[in-house]
Amino acid sequence: MLHSPSTEQAPNDLDAFWMPFTDNRYFKANPRLLASAKGMFYATPEGRQVLDGTAGLWCVNAGHGRETIVEAIREQAGRLDFAPTFQLGHPLAFTLAARLGGIMPSDLDRIFFANSGSEAVDTALKIALAYHRVRGQGSRTRLIGRERGYHGTGFGGISVGGIVTNRRVFGPGLPGSDHLPHTHDHARNAFSRGQPEHGAHLADALEGLVNLHGADTIAAVIVEPMAGSTGVLVPPKGYLERLREICTRHGILLIFDEVITGFGRVGAATAAERLGVTPDMITLAKGITNAAVPMGAVACRREIYDTVTGAMADAAGIELFHGYT
Ligand SMILES: Cc1ncc(COP(=O)(O)O)c(C=O)c1O
């Protein structure tokens, strides 16, 4: 049973909210609060303007308080606040999936929705495992990420992620996950304009992992095409191309985590389009709703959708036991 809230609690009490990725004790002694936002600026409760130099957390791609977005949310909440997507549907979910598919590269136009980037990542990793399993390659269970990578905070995301503080106290993570080296080569690539010259060879580390573990144990490789969380790391010329080629040669699925880079952040709908390399799945979130509503998605190649959903072709039933309310 829930306890009723204490009547002694001050209305501005900061203690109850356990803030994520925050020094809670410091913050609560020195609170920095935001009260409203418009365009590129936040306003504090005292009315001071603060330039939002990071677009929220890389997620308010179209600026704060866009009337069309605000009105769409208001209108939809009044008409139909929630409709299940398990065994039922709302027409707009199908419309949105079709429109998203229309701006994804190549045939990555089968869309699975989630509620965050972390969920999108875990979804993509699970789809990769399911895909190999239904093709009779159930030994492919290893998931490969990259040093310095950030893929959210789910168990899948922290396992393939390469930021040690994000997983140090959370146990061993997914068994068999492994990591490629990061591409930050300060000594040789400092002051590069655009894509740096040096580092394509770092993709060959995937060949090393194939030699070490066997390709038949590796399900997928996930990388941010342009890394975001430990410094904005532009991929070296030829690096993503080589990663793509090695994945294709060994039957390994390539996932681009475009939670940051999607929706115009790099000058195209996706970094895949901007950089001319097409993965097998793309994870999306943040800018998908301008962060005004929590949402994520995975864009999958048609063949992945057809394979997983076709697996049950002669036995009606749920094809993928996965989803979020
Ligand atoms: C590349 C990348 N993947 C995944 C995530 C996780 O997204 P969320 O915080 O919506 O779970 C982030 C968040 O910053 C991200 O930058």
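What follows is calculated from the coordinates using simple rules that are stated; it is not laboratory data. The shown structure was predicted, so the numbers you read here are calculated from the model rather than taken from an experiment. Cβ atoms come from the backbone with ideal geometry, glycine included; neighbour counts cover every protein chain shown.
Observations on the structure shown:
- Candidate lysines for bridging to residue 38, where Cα separation is under 29 Å - those fewer than 8 sequence places away on the same chain excluded: 28, 286
- For peptides 264-270, 31-37, sequence by mean Cβ density within 10 Å, most packed first: 264-270, 31-37
- Ordered by the number of other Cβ atoms lying within 10 Å of each residue's own Cβ, fewest first, 226, 104 fall into the sequence 226, 104.
- Order of 112, 321 under a 10 Å beta carbon neighbour criterion, fewest first: 321, 112
- Spatial separation of Cα centroids for the range 47-102 and the range 208-261, in angstrom: 30 Å
- Dipole of the chain [Lys/Arg +1, Asp/Glu -1 at C-beta], most positive-end residue of 151, 34, 232: 232
- Gap separating the Cα centres of the range 127-142 and the range 143-183, nearest whole Å: 20 Å
- The fewest-to-most ranking of 307, 85 by surrounding Cβ atoms within 10 Å reads 85, 307.
- Packing, as the average of other Cβ atoms within 10 Å across residues, places the peptides 190-201, 160-171 in the order 160-171, 190-201, highest first.
- Taking Cα centre as origin and charging only the Cβ of basic (Lys, Arg, +1) and acidic (Asp, Glu, -1) residues, the dipole magnitude of the range 83-310 rounds to 200 debye.
- Dipole orientation for the chain: of the candidates 192, 175, 49, 192 has the Cα lying most toward the positive pole (charges on Cβ; Lys, Arg +1; Asp, Glu -1).
- Cα-Cα pairs of the chain separated by more than 30 Å (percent): 41 percent
- With a cut-off of 18 Å on the backbone N, the residues of the range 68-82 near the modelled label site 7 Å out from residue 43 along Cα-Cβ are 70.
- Calculated P(r) of the range 194-281 - Cα pairs past 20 Å, %: 33 percent
- Protection-proxy order for peptides 49-55, 122-128, each taking the mean of Cβ atoms within 10 Å per residue, highest first: 122-128, 49-55
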